[in-house]
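The values are calculated or read from the model by the stated rules, or taken from the named source; none is laboratory data. Nothing here was measured: the structure is a model prediction, and the numbers come from that model. Neighbour counts are summed over all protein chains in view; Cβ atoms, including those assigned to glycine, are modelled from backbone coordinates with ideal geometry.
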Amino acid sequence: MTKKPQNNMYNNNKSHNDESITTTSTGDNYMQNIHIDKINTNNNNICVENVTVDNFHIDNIKSLPRIYSGKVRDLYNIDDKKMLMVASDRLSTFDIILNQAIPKKGIYLTQISLFWFNYLNDIKNHLTNYKLEDFLTGTELEYAQGRAVIVNKLKPVPIEAIVRGYLAGSGYKDYLKHGAICGISLPPHLRNAEKLPYPIFTPSTKAQIGDHDENITMQQCKNIIGAQLTEQIQQTAIEIYQKASELALKKGIIIADTKFEFGLNDDGELVLMDEVLTPDSSRFWNQDEYIVGTNPPSFDKQFVRDYLELELCWNKQPPIPDLPAAIIQKTVDKYYEIIKRLGIE
Ligand SMILES: Nc1ncnc2c1ncn2[C@@H]1O[C@H](COP(=O)(O)OP(=O)(O)O)[C@@H](O)[C@H]1O
Ligand SMILES: [Mg+2]
């Protein structure tokens, strides 16, 4: 069954393309209620395109109120303290959600996060001991199985805690321009994909949906969340990165960089939340394919990006082209390879 969303028009000053629309506040001051809609800019109006909502998975759970839908996850309220966090099979690239789902991707992401939360058991995380069966039944439980967790609601710390062990992506661009990333000076003559002398913490802003995260300096980070919290997050994030990288390397995976999200609980303690060390939040390289001075292929949406960018020469403006089945399958396989390598299945 395919359902079409209403063809809404929003008068909105946003000049860029967006994929979600902020609507009403739920009364929970830490989070807004956001509907996933594929939207398109047109003379500064944003209109919802006809998209297959089922692929977006947002209607699969109805018995709990949905409080947020991000690019990948849907959050449903349980009570003041906890919520259900469901990873859908949505895949976003260039900040636009694809029309097609990547089958089981949400399950893979959740299982990978659970693997790392468990491995990093000395780091306080947002998981609870509740079971899905405590709150869901029937087809909802079936859908949520493997892809959902019941988590403590936290007050999100409004920065992304990025740790880089290797030079890549926007970090490499920054380095070429400034010899530094986020204001951290690095030795000269480093090549693309080169291992850094030590892992560095390079925070970024947490952009509203549709905007892009921006790298910030430590000082800017301190201005946003305070010096003490910045230092605590820096230390924790680097520690997690080091511990996880060592294990990953034994499995032939290089974690080039990764992004953590933290929140604060009611006691003001720092808690690791969201997803952890997945191919969506990290740049994983296959050790066998790693060559300094190149762009090593990564274990994520690389096929999708290459197909859209190189094969179709898509201009990154909506509508996003549909993906052929072969590209979807290759992407599924890439995500699954991480599962296999980590020995999760
Ligand atoms: N325990 C938690 N408490 C509060 N917010 C959380 C928690 N875990 C994750 N989140 C938030 O839930 C959202 C997950 O949805 P996701 O699709 O990853 O969103 P995004 O498009 O912002 O990446 C993120 O905004 C993340 O910050
Ligand atoms: Mg996210």
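A single member of P199, P187 is without any contact (Cβ under 8 Å) to a residue 40 or more places away in the chain and either assigned by TED's automatic domain parsing to the domain that holds E269 or of a type in the set (D, E, K, R) (or both), and it is P187. Every listed requirement among (1) in contact with a strand residue (DSSP E or B) (Cβ under 6 Å, 6 or more places away or on another chain); (2) outside any strand (DSSP E or B) is met by A207 save one, (1). Of all the residues in the stretch 111-139, those that are under 22 Å from Q234 (Cβ atoms) and surrounded by fewer than 17 Cβ atoms within 10 Å (Cβ to Cβ) number 4. The single condition from (1) buried (at least 21 other Cβ atoms within 10 Å of the Cβ); (2) within 24 Å of T331 (Cβ to Cβ) that E142 fails is (1).
Kindly establish whether Y241 is away from ligand 1 (no atom under 16 Å from the Cβ), at pLDDT 95 or above, part of a helix (DSSP H, G or I) and under 28 Å from H189 (Cα atoms).
Criteria met by Y241.
Residue pairs whose Cβ atoms lie under 7 Å apart, separated by 6 or more positions or on different chains, with the first residue in the stretch 121-138 and over 19 Å from D267 (Cα atoms) and in the same structural domain as L64 (by TED's automatic domain parsing) and the second in a loop (DSSP other than H, G, I, E, B) and of a type in the set (A, V, I, L, M, F, W, C), are F135/L64; F135/I78. Checking each residue in the stretch 292-312 for being loosely packed, with under 12 Cβ neighbours inside 10 Å and among the β-branched types (V, I, T) picks out only T294. When you go through K243, K251 one by one, which is the residue that is touching a Lys or Arg at 6+ places or on another chain (Cβ under 7 Å), assigned by TED's automatic domain parsing to the domain that holds E194, in contact (Cβ under 8 Å) with a residue 40 or more places away in the chain and away from ligand 2 (no atom under 16 Å from the Cβ)? The match here is K251. As a summary of the residue check, E269 satisfies the conditions (1) over 19 Å from the mean Cα position of the chain (by Cα); (2) surrounded by 22 or more Cβ atoms within 10 Å (Cβ to Cβ) except for the one numbered (2). When N42 is tested against (1) at pLDDT 90 or above; (2) surrounded by fewer than 20 Cβ atoms within 10 Å (Cβ to Cβ); (3) more than 11 Å from ligand 1 (Cβ to nearest atom), exactly one condition is not met: (1).
Of D59, D95, which residue is within 16 Å of ligand 2 (Cβ to nearest atom), at pLDDT below 90 and surrounded by fewer than 23 Cβ atoms within 10 Å (Cβ to Cβ)? Walk me through it before giving the result.
Details: D59 fails: within 16 Å of ligand 2 (Cβ to nearest atom).
Selected residue: D95, the only one of D59, D95 that is within 16 Å of ligand 2 (Cβ to nearest atom), at pLDDT below 90 and surrounded by fewer than 23 Cβ atoms within 10 Å (Cβ to Cβ).
Only one residue in K340, K330, K243, K259 is under 22 Å from G70 (Cβ atoms) and either of a type in the set (D, E, K, R) or touching a Gly at 6+ places or on another chain (Cβ under 6 Å) (or both). Which one?
Details: K340 fails: under 22 Å from G70 (Cβ atoms); K330 fails: under 22 Å from G70 (Cβ atoms); K243 fails: under 22 Å from G70 (Cβ atoms).
Residue meeting the stated conditions: K259.
Candidates are the residues of the stretch 313-323 that are closer than 12 Å to Q100 by Cα and in contact with a helix residue (DSSP H, G or I) (Cβ under 8 Å, 6 or more places away or on another chain); the one that is surrounded by the most Cβ atoms within 10 Å (Cβ to Cβ) is I320.
Condition check ((1) closer than 22 Å to Q111 by Cβ; (2) in the same structural domain as P103 (by TED's automatic domain parsing); (3) in a loop (DSSP other than H, G, I, E, B); (4) touching a residue at least 60 places away in the same chain (Cβ under 8 Å)) across all residues:
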| residue | (1), (2), (3), (4) |
| --- | --- |
| N295 | no, no, yes, yes |
| Y307 | no, no, no, no |
| W314 | no, no, yes, no |
| Q317 | no, no, yes, yes |
| I320 | no, no, yes, yes |
| A326 | no, no, no, no |
| Y336 | yes, no, no, yes |
| I339 | yes, no, no, yes |
